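The values are calculated or read from the model by the stated rules, or taken from the named source; none is laboratory data. Everything numeric here is computed off the predicted structure, so don't read it as measured data. All Cβ positions, glycine included, derive from the backbone under ideal geometry; neighbour counts span all protein chains shown. Surface areas here come from the heavy atoms of the whole protein model, side chains and all, with no ligands, DNA or RNA. Shrake-Rupley method; radii C 1.70, N 1.55, O 1.52, S 1.80 Å.
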Amino acid sequence: MPTVFVLNGPNLNLLGRREPDIYGRDSLEDIAARCREAGRRLGLDIAFRQTNSEGELVGWIQEAIEAAAALVVNAGAYTHTSVAVLDALRAFPGPIVEVHLSNPHRREAFRARSYVSLAADGVICGFGATGYLLALEAVAERLRDRREETEPEA
Ligand code: CA2
């Protein structure tokens, strides 16, 4: 079963407690549970993690090069600032889906720029926790397509 790292950046541990009008009422643990359930349905092994540290996020992306088939990333505010996260993502050979709970394009101008987008295959934003499930659907399809390309026909 392919492993998918679902990586979450700074302050996303606060979800459900503050700013529900922007980020919804689900806690990060609720979202993790929904991702694991989707993983069971889609045949994906989900490793769901959150960190407030840029270095740890970069380390997990590097770890994924050996340990994961695909990445789903909500880099939080590092989305808009981190060349280090971008460089690490560029070293990852599999599919990358960028997720945001809110729609950054409707918010402050500085949120419209995303370094993560420069490495991502696709972006899902504005659909709250559902965005993570849509990202996993997209990843499952990409991985199926790749398997069909490389496996010899029966
Ligand atoms: O919409 C998203 O998912 C974001 O990645 C969330 C980041 C923000 O910096 C990005 O522009 C868009 C912020 C996550 C902070 O989450 C909080 C949740 C509750 C209370 C305070 C912060």
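So, in region 17-30, of the ones that are open to solvent by less than 40 Å² (accessible area, probe 1.4 Å) and either in contact with an Asp or Glu (Cβ under 7 Å, 6 or more places away or on another chain) or not in a helix (DSSP H, G or I) (or both), which residue ends up farthest from residue 126 (Cα to Cα)?
Once the filter is applied, the top-ranked residue is 27.
For region 35-43, does any single residue satisfy the condition of being outside any strand (DSSP E or B), within 15 Å of the ligand (Cβ to nearest atom) and closer than 16 Å to residue 74 by Cα? There is at least one residue in region 35-43 that is outside any strand (DSSP E or B), within 15 Å of the ligand (Cβ to nearest atom) and closer than 16 Å to residue 74 by Cα. Give region 54-106 a look and list any residue that's more than 15 Å from the ligand (Cβ to nearest atom), touching a Lys or Arg at 6+ places or on another chain (Cβ under 8 Å) and more than 17 Å from residue 122 (Cβ to Cβ), or say none. 60 - this is the single residue of region 54-106 that is more than 15 Å from the ligand (Cβ to nearest atom), touching a Lys or Arg at 6+ places or on another chain (Cβ under 8 Å) and more than 17 Å from residue 122 (Cβ to Cβ). A residue that is open to solvent by 20 Å² or more (accessible area, probe 1.4 Å) and on the phi > 0 side of the Ramachandran plot cannot be found anywhere in region 52-66.
Residue 57 meets each of the listed conditions (1) under 15 Å from the mean Cα position of the chain (by Cα); (2) over 22 Å from residue 117 (Cα atoms) apart from (2).
Here residue 10 clears all of (1) in a helix (DSSP H, G or I); (2) touching a Gly at 6+ places or on another chain (Cβ under 7 Å) except the condition numbered (1). When 70, 33, 38, 77 are checked against the criterion of being open to solvent by 20 Å² or more (accessible area, probe 1.4 Å), small (Gly, Ala, Ser) and in contact (Cβ under 8 Å) with a residue 24 or more places away in the chain, a single residue qualifies: 77. When region 80-118 is limited to residues that are within 23 Å of residue 142 (Cβ to Cβ) and of a type in the set (Asp, Glu), the one that is most open to solvent (accessible area, probe 1.4 Å) turns out to be 87.
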